[in-house]
Amino acid sequence: MEQTIDNTSGAAGTRTGHFLKQNLREYGMLLSLVAIMVFFQVMTDGTLLQPLNLTNLVLQNSYIIIMALGMLLVIVAGHIDLSVGSVCGFVGALAAVLMVNYEWHFVPATIVCLVVGALIGAAQGWFVAYFHIPSFIVTLAGMLVFKGLALALLNGQSVGPFPETFQKLSSGFIPDVFGGTDLRLTSLLLGVLVVLTMVVMAWRVRGNQQLHGMETEPMVLFASRNAVFGMILVALSWLLATYKGLPNVLIIMFVLMVAYDFVTSRTTIGRRIYALGGNEKAARLSGIRTERLAFYTFVNMGVLAALAGLVFAARLNTATPKAGLGFELDVIAACFIGGASASGGVGKVMGAVIGAFVMGVMNNGMSILGIGIDYQQVIKGLVLLAAVCVDVYNKKK
Amino acid sequence: MDDAILDMRGITKRFHGVTALENVNLSVRAGEIHAVVGENGAGKSTLMKVLSGVYPHPEYGGEIRYLGQERRFSGIHDSEQLGIIIIHQELALVPLLSIAENIFLGNEQAKHGVIDWTLAHRKTRELLAKVGLKESPATLITDIGVGKQQLVEIAKALSKEVKLLILDEPTASLNESDSDALLELLLELKSHGIACILISHKLNEIAKVADAITVLRDGSTITTIDCRDRDVNGPASEDLIIRAMVGREMADRYPKRTPKIGETVFELRDWRVFHPIHTEREVVKGVNLTVRKGEIVGIAGLMGAGRTELAMSVFGRTYGRRISGTVRMHGRDIDTSTVGKAVAHGIAYVTEDRKSLGLVLDDSIAHNTTLAHLDGVSRHGVIDEGREFAVANDYRQRLATRCAGVHQPVVNLSGGNQQKVVLAKWLFADPTLLILDEPTRGIDVGAKFEIYTLIARLAEEGRSILMISSEMPELLGMCDRIHVMNEGEFVAEFDAGEASQEKIMRAIVKAGT
């Protein structure tokens with residue numbers, strides 16, 4: 001190839017500017033989320049960030065975000081999973097049958113549900129990874145199968161309510177050890193603690209990078225990014241603390257987010273998934289067991305879809321045959337808005353999470369504004385298209 | 001020049017301020033074969049893209065005169081109308097369509113949108129006869145070899161009334177006999193008055209057919225050598241061309257080595273491999289092979305002889321079925337049934353197809369470097385990014401990989417530098433036996449020398465090297481011992497001293513009859 005001249009971009013601008021340009025995608029995503037939030041905050045006269053609404057926002061999007069974590073891995077590995085919505089609904093139905101009809105305790109029921117999710121993922125993953133059937137087809141089949149099974153399991157009726165302990169999964173809040181009534185101090189302190197831990201971790205990573213002479217984020221950016229991010233998190237936890245505190249599901253979500261971010265960006269498994277999606281043949285010839293890896297991304301997706309199904313069922317306090325309908329679209333859209341590539345190998349966990357929040361905030365904001373469900377769909381579709389267009393444009397430049 | 005069919009004057013082209021071409025001149029006479037040579041990145045392809053209208057008129061500076069008039073092509077369509085046809089290195093054929101369909105793709109023999117297949121097939125037969133390809137027009141492209149596909153491309157060009165044919169590295173992926181056939185065809189076309197611009201790295205071929213050679217370096221014309229007096233002066237000397245290409249005297253094209261050969265390290269006994277789809281076809285037929293410590297063993301042969309298949313079947317059974325035979329390392333039988341096991345036993349395989357099999361193109365140099373040996377930069381499955389960076393940087397320096405930094409995606413690197421990244425990946429896995437499959441394919445002369453030097457150094461460090469190559473001079477220049485492979489068998493073996501191109505060729509031809 002002749003035109004592969006080293007594109008060492010000239011010493012245009014300062015180092016900060018240069019770094020910003022290189023990482024435009026990540027900062028850009030975060031900025032657009034903030035911009036969208038500010039926009040709706042203003043448009044709704046401050047309703048968006050009211051503690052009650054904020055709590056709702058978290059609860060409404062928790063299951064989408066949980067599934068987006070798994071979907072991101074599937075997409076990065078070069079596949080797609082269309083069945084997550086149906087699996088979500090099916091597991092919710094299973095949970096209802098076990099806990100309501102058979103009166104199981106919620107712990108064994110939850111475990112059984114997660115195992116069933118893993119088995120569903122394993123079955124689909126086996127066809128995709130070892131039998132080499134395109135994931136689109138396998139999971140399209142799965143989508144129909146599990147939608148039907150959910151219907152069969154519930155006999156076409158809603159089943160509920162769930163035992164109260166199980167409802168706490170979605171509607172519960174972490175207990176306040178200080179017994180505060182106006183301000184849940186525990187929640188606030190937890191938020192502050194998390195922010196401090198994150199900053200310390202980031203600082204250590206940065207130190208390690210510098211130790212080995214890597215190019216690091218310029219100090220200005222590092223400090224301001226962490227400051228802004230930290231302040232937002234503290235502010236959000238303060239807001240939530242003035243209502244009922246941090247929702248249980250937020251804690252689950254946050255732990256999963258951090259764990260998946262770590263796995264994808266820092267571990268060998270994560271690296272191998274990116275290599276698998278980037279160039280499967282090259283990955284295999286580098287000694288990576290590509291089939292097993294693809295299989296496990298589907299198993300993982302199954303477990304997360306099951307967890308999301310439980311969270312969703314607990315939130316509604318009933319399992320309905322229509323639960324999970326269309327979730328797969330929101331989940332996949334979140335990943336692509338977050339910068340994942342449909343051809344695999346590209347995408348970040350934090351991107352998918354931000355993508356999910358972009359969708360969530362828009363859903364919530366537009367509902368408050370009284371925009372009909374019809375135009376909400378149109379706007380969401382256009383936003384998805386626009387986000388991917390910006391990606392493609394940036395890549396071409 | 002009055003008889004010039006094409007005269008490009010003072011062509012200048014810049015990409016975002018980076019000069020790709022600076023005041024380049026190229027003049028092609030009617031009915032001549034004009035070779036354009038230069039290292040990778042010298043600007044050959046860019047020049048051809050200017051000529052064919054890929055970069056339309058105002059995007060470049062200078063003047064193009066073609067058939068006696070100044071031309072300003074605004075797209076590839078304009079240049080094709082006037083009979084300038086370019087055949088790219090990566091062939092532009094649709095694999096699952098027939099030869100006839102491909103030849104008339106975009107130019108269908110149709111009335112009111114309905115294709116006249118009888119006419120199309122008749123015309124295709126005529127064209128195929130012209131290029132000397134004995135295939136049915138209904139044969140699918142995917143069912144014929146690269147050599148024949150190349151001929152189909154030329155037939156397609158002929159169907160468009162070509163006057164100036166541009167071939168970009170046409171023989172890069174062809175074996176010797178297909179290359180020769182192609183060059184014969186070019187001479188044949190020349191006798192019909194079709195001019196040809198030939199871009200190639202293979203200087204011996206150029207010396208054989210070219211009437212003129214233009215050498216580009218760093219985006220400028222260095223010289224144009226007239227070879228028409230070939231019969232009087234003899235063919236243009238390769239050394240002269242190479243000197244002009246690299247701008248320096250190249251005393252040796254291969255590094256000097258003093259082999260220190262030790263005990264036998266790697267052994268293959270009665271290795272048999274069958275085709276993955278046509279399972280009754282034996283692709284490797286009972287091969288025995290030994291490689292000693294510090295030794296470079298070459299495998300010569302034509303394309304399709306089974307060399308890559310042999311290497312890949314040993315390397316984690318990544319090719320073939322019903323594989324049998326024994327692999328031994330340091331005298332002990334080893335299991336190489338998966339890539340992971342092969343790597344663990346110290347075998348590394350550097351593929352001939354670095355883009356689709358060797359690299360994750362969109363990923364960074366650092367990530368590609370550590371991919372085959374992530375354990376070397378991680379603890380308990382957690383990657384130490386700092387260590388990874390240090391490792392990648394270390395290999396970057398040792399291999400003199402030219403890049404902006406190890407975080408640069410490998411897709412932007414030149415062929416030679418990409419090959420260095422693949423080598424770095426396998427060197428980091430610290431192999432005892434390094435299998436190199438066409439290690440210098442598509443790499444320019446300067447970078448080739450660097451790769452050779454590196455290979456020599458690795459042998460000196462005591463590694464065993466198995467080198468597969470279709471370029472005989474390269475094998476002769478580097479190897480201590482050369483096996484000749486033909487149709488799945490080793491048909492001859494030569495020591496470095498006694499081997500010659502003629503002997504190798506003779507061994508192949510004799511085995512074939």
Exercise for the section: Please enumerate the residues belonging to the range B:102-123 that are touching a residue at least 12 places away in the same chain (Cβ under 8 Å) and more than 10 Å from B:K156 (Cβ to Cβ). Expected result: B:E108, B:Q109, B:W117, B:A120, B:H121, B:K123
Problem - Number of the condition not met by A:T267 [criteria: (1) at the interface with chain B (Cβ under 9 Å from one of its Cβ atoms); (2) touching a helix residue (DSSP H, G or I) at 6+ places or on another chain (Cβ under 8 Å)] - result: (2)
Handout entry: Residues being among the polar types (S, T, N, Q) and within 15 Å of A:Y274 (Cα to Cα) - total across the range A:337-363
Key = 2
Problem - Selection from the range B:165-210 of residues that are over 30 Å from B:G301 (Cα atoms) and surrounded by fewer than 20 Cβ atoms within 10 Å (Cβ to Cβ) - result: B:K190, B:S191, B:H192, B:G193
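Condition check ((1) on the phi < 0 side of the Ramachandran plot; (2) away from chain A (no Cβ under 13 Å); (3) β-branched (V, I, T)) across all residues:
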position	(1), (2), (3)
B:V36	yes, no, yes
B:K49	yes, no, no
B:V54	yes, no, yes
B:R72	yes, yes, no
Practice task
Please work out which residue is farthest from the other protein chains (Cβ to nearest Cβ), limiting yourself to the range A:296-347 and to residues that are buried (at least 23 other Cβ atoms within 10 Å of the Cβ) and assigned to a loop (DSSP other than H, G, I, E, B).
Solution key: A:A323
Fill in the blank from the handout: Across the range B:14-68, the tally of residues that are part of a strand (DSSP E or B), modelled with pLDDT of 85 or more and not acidic (D, E) stands at 19
Problem - Pick from the range B:356-366, criterion touching a strand residue (DSSP E or B) at 6+ places or on another chain (Cβ under 9 Å) and more than 7 Å from chain A (Cβ to nearest Cβ), ranking: farthest from A:G277 (Cα to Cα) - result: B:I365
Exercise for the section: Sort out for me the strands (runs of 3 or more DSSP E) sitting completely within the range B:318-407 that have 3 or more residues that are under 21 Å from B:L423 (Cα atoms) and modelled with pLDDT under 90. Expected result: none
Completion exercise
The one condition B:G43 fails out of (1) surrounded by 14 or more Cβ atoms within 10 Å (Cβ to Cβ); (2) more than 14 Å from chain A (Cβ to nearest Cβ); (3) of a type in the set (G, A, S) is (2)
Problem - Sole exception among (1) within 22 Å of A:G85 (Cα to Cα); (2) within 19 Å of the chain's Cα centre (by Cα) for A:L236, by number - result: (1)
Problem - Complete set of residues in the range B:332-343 that are more than 13 Å from chain A (Cβ to nearest Cβ) and exposed (fewer than 14 other Cβ atoms within 10 Å of the Cβ) - result: B:R332, B:D333, B:D335
Practice task
Inspect the range B:441-462 for any residue being of a type in the set (S, T, N, Q), touching a residue at least 40 places away in the same chain (Cβ under 8 Å) and over 17 Å from B:A400 (Cβ atoms) and give the result as yes or no.
Solution key: no
Exercise for the section: Pick out the one residue from B:M312, B:M329 that is more than 8 Å from chain A (Cβ to nearest Cβ) and closer than 21 Å to B:R292 by Cβ. Expected result: B:M329
Problem - Looking only at the range A:52-103, and only at residues there that are crowded, with 21+ Cβ neighbours inside 10 Å and among the polar types (S, T, N, Q), the one that is nearest to A:S158 (Cα to Cα) - result: A:S86
Fill in the blank from the handout: Counting only helices (runs of 4 or more DSSP H) wholly inside the range B:90-163, the ones holding at least 3 residues that are within 18 Å of B:K190 (Cα to Cα) are B:117-131, B:146-159
Completion exercise
Taking the range A:127-172 and keeping residues crowded, with 22+ Cβ neighbours inside 10 Å and not aliphatic (A, V, I, L, M) leaves A:S135, A:T139, A:G142, A:F146, A:F162, A:F166, A:S170
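The rows are residues; the columns are (1) assigned to a helix (DSSP H, G or I); (2) among the aromatic types (F, W, Y); (3) more than 23 Å from A:F327 (Cα to Cα).
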| site | (1), (2), (3) |
| --- | --- |
| A:M143 | yes, no, no |
| A:K147 | yes, no, no |
| A:N155 | no, no, no |
| A:F166 | yes, yes, no |
| A:S170 | yes, no, no |
| A:F178 | no, yes, yes |
Exercise for the section: Check the range B:272-289 and report whether any residue there is assigned to a helix (DSSP H, G or I) and either of a type in the set (S, T, N, Q) or surrounded by 18 or more Cβ atoms within 10 Å (Cβ to Cβ) (or both). Expected result: no
Exercise for the section: For residues that are more than 7 Å from chain A (Cβ to nearest Cβ) and of a type in the set (D, E, K, R), scanning just the range B:367-385, find the one that is farthest from B:V406 (Cα to Cα). Expected result: B:R379
Practice task
Take the residues in the range B:74-95 that are in contact (Cβ under 8 Å) with a residue 40 or more places away in the chain and more than 24 Å from the chain's Cα centre (by Cα), then tell me which one is nearest to B:S179 (Cα to Cα).
Solution key: B:I84
Problem - Those residues of the range A:376-397 which are within 16 Å of A:D330 (Cα to Cα), surrounded by 14 or more Cβ atoms within 10 Å (Cβ to Cβ) and of a type outside the set (A, V, I, L, M, F, W, C), in sequence order - result: A:Q376, A:K380
Practice task
For the range B:408-432, name all the residues that are surrounded by fewer than 21 Cβ atoms within 10 Å (Cβ to Cβ) and facing chain A (nearest Cβ under 7 Å).
Solution key: B:N412, B:G415
Exercise for the section: For B:E502, indicate whether it is free of Cβ contacts under 8 Å to residues at least 40 places away in the same chain, in a strand (DSSP E or B) and closer than 22 Å to B:L302 by Cα. Expected result: no
Problem - Unmet requirement for B:T440, which otherwise passes all of (1) more than 23 Å from B:V265 (Cα to Cα); (2) crowded, with 21+ Cβ neighbours inside 10 Å; (3) within 14 Å of chain A (Cβ to nearest Cβ) - result: (3)
Exercise for the section: Residues being within 18 Å of the chain's Cα centre (by Cα) and more than 24 Å from B:E39 (Cα to Cα): count how many of those fall in the range B:154-177. Expected result: 1
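The values are calculated or read from the model by the stated rules, or taken from the named source; none is laboratory data. Everything quoted here is computed from the prediction, not taken from an experiment. In this analysis, Cβ positions are derived from the backbone assuming ideal geometry, glycine residues included, and neighbour counts consider all displayed protein chains.
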